[in-house]
């Protein structure tokens, strides 16, 4: 397999987000999306036609020696099977979040990647955007003092209002915790280090939802997961993160705050790559100029970093190990809510290195 750039990437899963990945790939020199596959061949052909790439069955991507890496954008329930097949075919893999549904599946993927000598990366990679990289720099410079904790939140009225087929958001492996929680927990870990223990509560306000748009508008479907999740995450060095995710709150909560003994940071949104970043010191709040870097819709920056890490012989920042730790935290949140007790986190992970300025 080639160790030169750009990596030749086969995209699997031609849903809505695939268009963004392909369009934004032109801004990166580490990878080139050359082919795509989907269980719906017509959808793969449409995506291929839109972007001038090749459509092919997934099995052909796995056996094609010209494909170095599989970019897995399938629904979460398919992540494990797609990634496992790709790793066993000797391909590098970059997953959309989450790494897998079950923790043992994530651990299997880590072992398979190690055994095959290939890289395994995983979104979210928004912590590599200019906004959160600026926060990282402010934190590491000591401007905030000793870190005390952070608050991360993503709440909305539910994806059925805009997604034409929202059932998977409310099935096992979905819900706000697994849909948006990876952005929040990854941000917290990237800034404050690995999580040591979790305490949580959850609610399910309705057992049924209604499709709000598209050709199936008005159809009812069941809710299998809790739709409001609140948790406290204790980091290994002492800081505490408050986590809030919900599909029951139509308004918006402040998405991110980071607090230290000297100052606090407000923003940016952990689901975005840009700013703004504001520091509050006493009664004064000032906006901090963003570091150079990705400050727009930079889907793929994690894959680009993985490609460069492969050639440079260093760890990728949006790594499978980071994603597996985050997945363990998400499962611990649900276990804590079920059991009514603190849940300890077994895994640990290094904070990803900041991007060079």
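Considering only residues that are out of contact with any helix residue (DSSP H, G or I) (no Cβ under 8 Å at 6 or more places or on another chain) and at pLDDT below 95, which ones fall in the range 265-284?
Here is the first cut: in the range 265-284, the ones out of contact with any helix residue (DSSP H, G or I) (no Cβ under 8 Å at 6 or more places or on another chain) are 266, 278, 280-284.
Across the range 265-284, the qualifying residues are 266, 280, 281, 282, 283, 284.
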The condition of being at pLDDT 95 or above, closer than 14 Å to residue 11 by Cβ and within 20 Å of the chain's Cα centre (by Cα) holds, among 100, 106, 86, only for 86
For residue 185, the lone unmet condition from (1) in a loop (DSSP other than H, G, I, E, B); (2) buried (at least 18 other Cβ atoms within 10 Å of the Cβ) is (1)
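Return the residues of the range 265-288 that are under 26 Å from residue 182 (Cβ atoms) and over 19 Å from the mean Cα position of the chain (by Cα); say none if nothing qualifies. Working first, answer last.
Taking the range 265-288 and keeping what is under 26 Å from residue 182 (Cβ atoms), we get 265-278, 288.
265, 266, 276, 277, 278, 288, listed by residue number.
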Working carefully through the options 262, 258, 322, find the one that is within 27 Å of residue 21 (Cα to Cα), at pLDDT 95 or above and either buried (at least 23 other Cβ atoms within 10 Å of the Cβ) or more than 21 Å from the chain's Cα centre (by Cα) (or both).
322
Of all the residues that make up the range 156-182, how many are over 13 Å from residue 75 (Cα atoms), in a loop (DSSP other than H, G, I, E, B) and in contact with a helix residue (DSSP H, G or I) (Cβ under 9 Å, 6 or more places away or on another chain)?
3
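Could you check the range 337-357 and list, in sequence order, the residues that are out of contact with any helix residue (DSSP H, G or I) (no Cβ under 9 Å at 6 or more places or on another chain) and either at pLDDT below 95 or within 26 Å of residue 203 (Cα to Cα) (or both)? Before you say what the answer is, go through the steps one by one.
Of all residues in the range 337-357, those out of contact with any helix residue (DSSP H, G or I) (no Cβ under 9 Å at 6 or more places or on another chain) come to 337-340, 353, 356.
If the condition is that a residue be out of contact with any helix residue (DSSP H, G or I) (no Cβ under 9 Å at 6 or more places or on another chain) and either at pLDDT below 95 or within 26 Å of residue 203 (Cα to Cα) (or both), then 337, 338, 339, 340, 356 are the ones that fit.
Within the range 311-318, identify whether any single residue is in a helix (DSSP H, G or I), outside the structural domain of residue 26 (by TED's automatic domain parsing) and buried (at least 23 other Cβ atoms within 10 Å of the Cβ), and answer yes or no.
no
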Here the residues within the range 325-357 that are touching a strand residue (DSSP E or B) at 6+ places or on another chain (Cβ under 8 Å), under 30 Å from residue 291 (Cα atoms) and part of a helix (DSSP H, G or I) are 325, 329
For residue 197, work out the one condition from (1) assigned to a helix (DSSP H, G or I); (2) surrounded by fewer than 19 Cβ atoms within 10 Å (Cβ to Cβ); (3) within 22 Å of the chain's Cα centre (by Cα) it doesn't fulfil.
(1)
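Just checking: which of the strands (runs of 3 or more DSSP E) contained wholly in the range 208-254 hold 1 or more residues that are without any contact (Cβ under 8 Å) to a residue 24 or more places away in the chain? Outline the logic, then answer.
Values: elements: 208-210, 220-222, 228-235, 240-246.
Output list reads 208-210, 220-222.
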The number of residues in the range 134-157 that are surrounded by 23 or more Cβ atoms within 10 Å (Cβ to Cβ) and farther than 20 Å from residue 233 by Cα is 1
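The values are calculated or read from the model by the stated rules, or taken from the named source; none is laboratory data. Bear in mind that the values here come from a model prediction, so they are computed numbers and not experimental data. For neighbour counting, all protein chains shown are included, and Cβ atoms are generated from backbone atoms with ideal geometry for every residue, glycine included.
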